[in-house]
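Note sheet for the following structure.
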Amino acid sequence: MMRRGAEASIALLGAAGVLAAAWAAPWLKFVLTIALAKGIAVLGILLLLRAGQVTFGHAVYLAAGAYTVAFLAPSAGEAFLLLPVAALVSGLLGLVVGLFVVRYRDIFFGMLNLAISMVFYSLLEKLYSLTRGTDGIRVEPPRIAGFSLALEDYVWAMLILALVLAVGFGVLVRAYLASPMGQALAGIKTRETRLEFMGVSARRVLLAAYVLSALMGGVGGAIVGMTTRHVTPLLAYWTSSGELVFIAILGGAGAALGPFLGAVGYELVRVYAAASFAEAWQAILGAVLLLVILFAPGGLWGMISGLLGRGRPGRPA
Amino acid sequence: MAEWLGQNTLLLGLALLDGLAYAALVFMVAVGLNLVFGVLRIINIAHGSLFAIGGYAAASLGLFLAAHGLPGWIQYVALVLAAALVGGILGPVIERLVLRRIYGHEQVLQLLVTFALFMILEDVQKLVWGVQPVTNDAPLRLLGTVDVPFGEDVIPFTAYQLFVLPGVALATLGGLAWFLRRTLTGRIIVAVTTDREAATAMGIDARRVFLLTFTFGAGLAALGGALASPTTTLVPGIGASTIVLSFAVVATAGLGQIEGAAISSLLIGIGRSAAVYLAPEFEVVVPYLIMVAVLLVRPQGLFGVVETRRV
Amino acid sequence: MSSTQHALTRRGALALAGAVSGSLLWPGSGRAQAQKPAELKVGITTFLSGTSSVFGVPARQTAEMLFEEINQAGGIGGVPVRALFVDEAPGTEHVVAEYRRLVQNEGVSIIFASISSGSCLACTPLSDELRKTTLLWDCGTQRALEEGRHPYAFRTQGYATPEVLAPLLYLLKTKPDFRTLAVINQDYAWGRDSWEIWKSAMDVLKPGVRVVAELFPRLGATDYSTEVTRLLAARPDVIFSTHWGGDLVTLVRQAAERRLFDRSTFVLPVAEASMQILGRTMPAGHIIGTRGDHWNNHPRPKDPARLARFVDSYRRRFNEYPIYPCHHMYQAISAMQAAYNKAIAAKGGGWPNDQELAAAFRGLEFPTPTSTITLREDGQGLEDQIVGVSTFTDRYPFAVPKDMIIFPAAMVSAPVGQKSVDWVKTLKPELLAQVPAPIAG
């Protein structure tokens, strides 16, 4: 772990960098907002990774948040109302699913999440009269704190909203991981039975983390829905879930900043690859992922902290 | 109920025939995935890509042979040959260059490495075969159809679907069971599956076993694709949908269980077929519902063994 | 892991970051369109990967070929054109992000949006907001232009309603005696929408047809044997299917092998794009459509030389016949040329800005290899539909239609301001009397 001050200053620097880039290149505002939203969802994956559990179905909570926005926006078009409701809906879904999946570990945990997300995905496609199937639902831009903003102002507002939420959840996750609940998560990964000997219910620990992660997925999804302003079932497909885990590893699972580094890195590589090699962007992303895992398993955060740690010898890294 | 059954027994009989053929195809893909997991403890997401490449290779080879006027029976040899080529080349390449570097790493990294391979292979496959659908009917046509009586009517089924698919699946199941229980190499594989540490301590070269198993698993995936190629149409994206279905089969079966994969393929194949008659709306979710239901009752899958090692 | 590897990846990452910021971070030139640009950039979203790339890639090839031809002939208004392609496969949020990048960073003058209806629906509000002329060059959903006004969005081809209604009218005209029908469509928006339009129209034009099976297998299904068995057992007079691409190929092969085509008459509105792949496997005597009028054997193309030139140069270059997405791309490009010429003429030779360009599209008439398309006031293009019965001739190694009926677009499209499903419910059986007679042979 790096010094707290250093992490905070990198986070501040990053936030300033996001704003500067968005100011310099208007089209980047959208990409960065999506990146931050996914970063928030990936924070949830980070929690579960701390317990050694991988889910290949987390996109379901992103989709739940996005569809909550899509369904409610016509009747309650206010971002500050939609966001908490989306978080609540995803959190509740996470609780229901979580009660079931926290009994499982490792590959079963991953596969069950995958199966549930595929059922959810199929339902989004199937319940055509409700969800408009693959065509998806159009979302009218909601008011933000009572203001109905237009065009670029709205995009700016969404970016700043996403940035504030990203920082907020980043701090929350950092605190959570440092708390006894967070420490117990790491216990699930190393020696689960010891936790039980100590009188801690591993299931309850994992369930708490699972619900929190689902809730953050919902928040991320709500931002994606309000920013893209068009919601389709593809959000819940298993490859979208894979993408979230990809971002977690690309950023580095070691720190709360990782998901955001990963998400920004991922979106930029994708945009860059798609612009230069529209037919092979997928292979390029795959190659980047492969290289990161093989040569820098700590991800982007690992690279940065490695750099900083070497620059200032003697400090605890 | 009795009346309903009377009216629908015939239809359910038809569903059973279709379900069997479908189960055979699903089994061919899932069994390789399961074998690889049992030994390497890696869920190989790129398994779906190997299925697709096997299918493409078989269709191309078949078309090539037919264009050169070779006799019909060669088509069936081509199916197996193409699968062997794909498994024999891609299997070792992937295992040596990529997987070997991440044994013993965190599970999430292993899973993601195969996800990365999946992403790369999807584009490679597009590069080689393009985007237009590829088909080769010859193996299907040569055998013709069989009329199955249906009340006063008859329903034509292809002989390929009725006999070849279930036949090959059964042969694969039997062959694998024999290989794993009766041959030395097979027993070594089983030993590594059940207790890797002990097996290595006894002087088994785990690396060789991994290479062998992965190549074999890749070959089975390719064979699954090759067998599907006469009836289906090869298009980009076919691997992505195949792999999630195999996940459901494998998790239902219990990881590493060969016979389990057969039973759960049957369950899922027949369940899906029945759904087309009884509740077509739910056809797509049937495999996942079966999986969730099975895991609710048996958390380790139908035939899985409860793991006790991680204490 | 050695430290050299560390250094290498880090250097690689920095190089990548540099490249990204160099080419993408800073806004490109040409945001203001008042004066003539050095280059006319066209953003094109199409499927370059996944199942729908069977349509997307041929369309891209067409765009590349035609852009080359335009540039050889001196460009549009003396300005060379350049296409920037975007893959639709990653989903809506990627398409929306790329749309913004193309407009705000690349400074494209016009966008051709989407094969996927979902992407079209996401792009039309963006065209309003960024005031960028957007041609819906292939998507078919009736919702795109019926659910709201989009002053910068135009569809340069037909859409779901005429594409479903024309085959239905053809069936009612040529085989009016059917009593039972089954549907097998892909389980997604197009499959559901096309069935809703068909069913609503059939119920008013020929009430009392019994629907014996409604099957919606998933998009990208690899096996239809169960569905085929069920259809064989149900013996419907007619089977309606708007399947396309690899799915249609699989369905036709599995159904043909098991003689389902002998028991029922198929109506396949999106058949044309799969006929080359199917070759002789496609049975003769079934109703086939092409989402428009662009058959290779069009009985009376408006400009036969133009059609022949396009088909021949496409074949020479890509070694296959163009399919309907190629024609849709042709239409979008032809519309763009016509609109620019119109706008430049209206400005006395000056270069049009975004508003002037969009204005030129309203009411535009532009030539296609087979016909002329008019863009209505709501932006919808009026493209005729040709439906016929599959047959084999000496000229093509695959099925083409015979006994074709040319449906005038206005006859089968919902009038401006009306929603398709509501409109088809108001149709009267007398409509059949207005359907032109089949062109024999």
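The values are calculated or read from the model by the stated rules, or taken from the named source; none is laboratory data. Please read all numbers here as calculations on a predicted model, not as lab measurements. Don't worry about glycine lacking a Cβ; one is built from the backbone with ideal geometry, like all the others, and counts go over all protein chains shown.
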> Which of the residues that make up segment A:1-60 are farther than 30 Å from B:Phe247 by Cβ, assigned to a helix (DSSP H, G or I) and among the charged types (D, E, K, R)?
Replying inline: A:Arg4, A:Glu7, A:Lys29
> Of all the helices (runs of 4 or more DSSP H) wholly in segment C:338-441, which have at least 1 residues that are among the β-branched types (Val, Ile, Thr), in contact with a Leu (Cβ under 7 Å, 6 or more places away or on another chain) and under 25 Å from C:Trp295 (Cα atoms)?
Replying inline: C:409-412
>> Need a quick list: strands (runs of 3 or more DSSP E) entirely within segment C:47-162 having at least 3 residues that are within 9 Å of chain A (Cβ to nearest Cβ).
In response: C:81-87
>> On the basis of being closer than 26 Å to A:Phe246 by Cα and either away from chain A (no Cβ under 14 Å) or of a type in the set (A, V, I, L, M) (or both), does B:Leu121 make the cut?
In response: yes
> Is it the case that some residue within segment C:274-293 is more than 14 Å from chain B (Cβ to nearest Cβ) and free of Cβ contacts under 8 Å to residues at least 24 places away in the same chain?
Replying inline: no
> Which of the residues that make up segment C:213-257 are acidic (Asp, Glu), in contact with a Ser or Thr (Cβ under 7 Å, 6 or more places away or on another chain) and within 9 Å of chain B (Cβ to nearest Cβ)?
Replying inline: C:Asp223, C:Glu257
> Can A:Val271 be described as more than 22 Å from C:Ala89 (Cβ to Cβ) and of a type in the set (Val, Ile, Thr)?
Replying inline: no
>> Take the conditions assigned to a helix (DSSP H, G or I), within 21 Å of the chain's Cα centre (by Cα) and on the phi < 0 side of the Ramachandran plot and apply them to B:Leu85. Does it pass?
In response: yes
>> When you check B:Pro299 against the structure, is it in contact with a strand residue (DSSP E or B) (Cβ under 9 Å, 6 or more places away or on another chain) and either within 14 Å of chain C (Cβ to nearest Cβ) or surrounded by fewer than 19 Cβ atoms within 10 Å (Cβ to Cβ) (or both), yes or no?
In response: no
> Do you know which residues across segment B:132-148 are facing another protein chain (nearest Cβ under 10 Å), under 17 Å from B:Leu63 (Cβ atoms) and not polar (S, T, N, Q)?
Replying inline: B:Pro133, B:Val134, B:Asp137, B:Leu140, B:Arg141
> Of everything in segment B:278-291 that's crowded, with 19+ Cβ neighbours inside 10 Å and within 9 Å of chain C (Cβ to nearest Cβ), which residue is farthest from A:Phe108 (Cα to Cα)?
Replying inline: B:Pro280
> Out of segment A:69-115, which residues are part of a helix (DSSP H, G or I) and of a type in the set (Val, Ile, Thr)?
Replying inline: A:Val69, A:Val85, A:Val89, A:Val96, A:Val97, A:Val101, A:Ile107
>> Just to be sure before I move on: is C:Glu365 under 24 Å from the mean Cα position of the chain (by Cα), modelled with pLDDT of 95 or more and surrounded by fewer than 22 Cβ atoms within 10 Å (Cβ to Cβ) in the structure I sent?
In response: yes
> Counting just the residues of segment A:166-194 that are hydrophobic (A, V, I, L, M, F, W, C) and buried (at least 21 other Cβ atoms within 10 Å of the Cβ), which one comes out farthest from A:Leu19 (Cα to Cα)?
Replying inline: A:Ile188
> Does any residue in segment A:118-138 that is under 15 Å from C:Asp193 (Cβ atoms) and more than 7 Å from chain C (Cβ to nearest Cβ) come within less than 9 Å, Cβ to Cβ, of a residue that is part of a helix (DSSP H, G or I) and polar (S, T, N, Q) six or more places away or on a different chain, and which pairs are these?
Replying inline: A:Ile137/A:Thr131
> In segment C:371-425, which residue that is within 30 Å of C:Glu320 (Cα to Cα) and free of Cβ contacts under 8 Å to residues at least 40 places away in the same chain is surrounded by the fewest Cβ atoms within 10 Å (Cβ to Cβ)?
Replying inline: C:Asp394
>> Suppose we filter B:Leu211, B:Leu227 for residues that are more than 11 Å from chain C (Cβ to nearest Cβ), part of a helix (DSSP H, G or I) and more than 30 Å from C:Val57 (Cα to Cα); which single one remains?
In response: B:Leu211
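The rows are residues; the columns are (1) under 22 Å from A:Thr131 (Cβ atoms); (2) surrounded by fewer than 24 Cβ atoms within 10 Å (Cβ to Cβ); (3) within 17 Å of the chain's Cα centre (by Cα).
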residue: A:Val200; (1), (2), (3): no, yes, no
residue: A:Ala209; (1), (2), (3): no, no, yes
residue: A:Gly220; (1), (2), (3): yes, no, yes
residue: A:Tyr266; (1), (2), (3): no, no, yes
> Hey, among B:Ala251, B:Ala240, B:Ala275, which residue is assigned to a helix (DSSP H, G or I), without any contact (Cβ under 8 Å) to a residue 40 or more places away in the chain and within 14 Å of another protein chain (Cβ to nearest Cβ)?
Replying inline: B:Ala275
> If you take the residues in segment A:270-290 that are under 21 Å from the mean Cα position of the chain (by Cα) and aliphatic (A, V, I, L, M), which one is farthest from the other protein chains (Cβ to nearest Cβ)?
Replying inline: A:Val288
> What about A:Met111, is it more than 9 Å from chain C (Cβ to nearest Cβ), in contact (Cβ under 8 Å) with a residue 12 or more places away in the chain, farther than 30 Å from C:Glu196 by Cβ and in contact with a helix residue (DSSP H, G or I) (Cβ under 7 Å, 6 or more places away or on another chain)?
Replying inline: yes
> Just a yes or no: is a residue in segment B:199-209 hydrophobic (A, V, I, L, M, F, W, C), touching a helix residue (DSSP H, G or I) at 6+ places or on another chain (Cβ under 8 Å) and surrounded by fewer than 16 Cβ atoms within 10 Å (Cβ to Cβ)?
Replying inline: yes
> Looking at (1) within 14 Å of chain C (Cβ to nearest Cβ); (2) over 23 Å from A:Leu36 (Cβ atoms), which is the one condition that is false for A:Ala184?
Replying inline: (1)
>> Among the residues of segment A:96-106, what is the count of those that are facing chain B (nearest Cβ under 9 Å) and buried (at least 21 other Cβ atoms within 10 Å of the Cβ)?
In response: 0
